[in-house]
Amino acid sequence: MTPAQRHHSQGVSLYDSGEYQKAIEEFSQTIELDPQDAEAYYSRGLSYANLGQYERAIEDYDKAIELEPQYTWAYNNRGSSYRKLGQYERAIEDFDKAIELEPQYPWTYDSRGLSYANLGQYKRAIEDFNKAIELDPQLDLAYANRGVSYDELGQYERAIEDYDKAIELEPQFAQAYASRASSYFLLKQDERAIEDYNQAIKIDPNDGYAYYWRGQAHSQLGNSAQSAKDLAKAEELGYEPD
């Protein structure tokens, strides 16, 4: 094993342990020793992305792609970083390229679907979520994300079916409970909404969204004291509705 390979191996171990800053130091050593190592740039980019440093991640993905133009995962993860930065059109371009290079990877369709949803193109988003589910019927996130798009189109019953499936696949999926609760809330089924918000909060006690909307559901039912308590908790957690 060369010194560059040793640093890269150590970087991967640190990355897998969640020690992203230390991983970056190791990948940087790899790059210093071997500036043509596309995988080292890619791995360092992943580490920056996990620290929320998306601009720096993109710079590394750029370099990885420059060195290896067919690097599918570099396109995929650069797209994810662009999406995190709100640059949805650029994200879609990268997901398009990743799909061109590897058309059987369900997560890329899911990510492109999220980007279309961010642009308000919910029907196109649903098409991508459909494809992700076709490729991996166990992909709980794709069901939940498709449910959100159905909600945005006012198709609340179809949304609930998707949240049901997401929860069946992942019973600790707090976001799916909160989203299903919101569908019930919009259907004026406040008691069922509260049950799901309760479950979301049980799984994630810091979910300000669930507290806020549970408060709204309690308000609809005339439970003013519980409503006020939930709304105060949501504010304490820093949640503000759009």
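Any read-out appearing in this document is the output of simple, stated calculations on the displayed coordinates, not a laboratory observation. Worth saying up front: this structure is predicted, and the values here are computed from it rather than measured. Using ideal geometry, Cβ is built from the backbone for each residue, glycine included, and neighbour counts are taken over all protein chains shown.
Note on Gln70 and Asn198: the extension gain reaches 41.4 nm, defined as 0.36 nm multiplied by sequence separation minus the Cα-Cα distance. For the chain, the residue among Ala232, Ile167, Leu67 whose Cα projects farthest onto the positive side of the dipole built from Cβ charges is Ala232. Under the convention that each Lys and Arg Cβ holds +1 and each Asp and Glu Cβ holds -1, the size of the dipole of region 172-242 around its Cα centre is about 220 debye. Here the extension length gained between Asn206 and Lys188 equals 4.0 nm, from 0.36 nm per residue of separation less the Cα-Cα distance. Modelled this way, with points 7 Å down the Cα-to-C-beta line, the labels at Asp164 and Glu100 are 4.1 nm from one another. Taking θ as phi - 60° and the Karplus parameters 6.51, -1.76 and 1.60, the scalar couplings of region 30-44 work out to 4, 5, 4, 7, 9, x, 9, 7, 4, 5, 5, 5, 4, 5, 5 Hz in sequence order, x denoting glycine and proline.
Averaging the sequence gap over all C-alpha pairs within less than 8 Å and six or more residues apart, then dividing by the number of residues, gives region 104-171 a relative contact order of 28 percent.
For region 1-133, the fraction of C-alpha pairs more than 19 angstrom apart is 51%.
Among Ser17, Ser227, Ser80, the ranking by other beta carbons within 10 Å of each residue's beta carbon, starting with the fewest, stands as Ser17, Ser227, Ser80.
One way to sum up the overall shape of the chain is the equivalent ellipsoid from its Cα gyration tensor, whose semi-axes run 39, 21, 14 Å, largest first. Its Cα centre serving as origin, region 33-95 has a Cβ charge dipole (Lys and Arg +1, Asp and Glu -1) of approximately 320 debye. The GNM of the chain, with springs linking C-alpha atoms under 10 angstrom apart, assigns the highest mean-square fluctuation among Gly45, Gly222, Gly86 to Gly222. Mean separation of Cα pairs under 8 Å and 6 or more residues apart, divided by the residue count, gives the chain a relative contact order of 8 percent. Only helices enter this figure: runs of n ≥ 4 DSSP H residues, each worth -39500 (n - 2.57), summed and divided by the residues of the chain, yield -25000 deg cm²/dmol at 222 nm to the nearest 500. Placing +1 on each Lys and Arg Cβ and -1 on each Asp and Glu Cβ, with no other charges, gives the chain a dipole about its Cα centre of roughly 480 debye.
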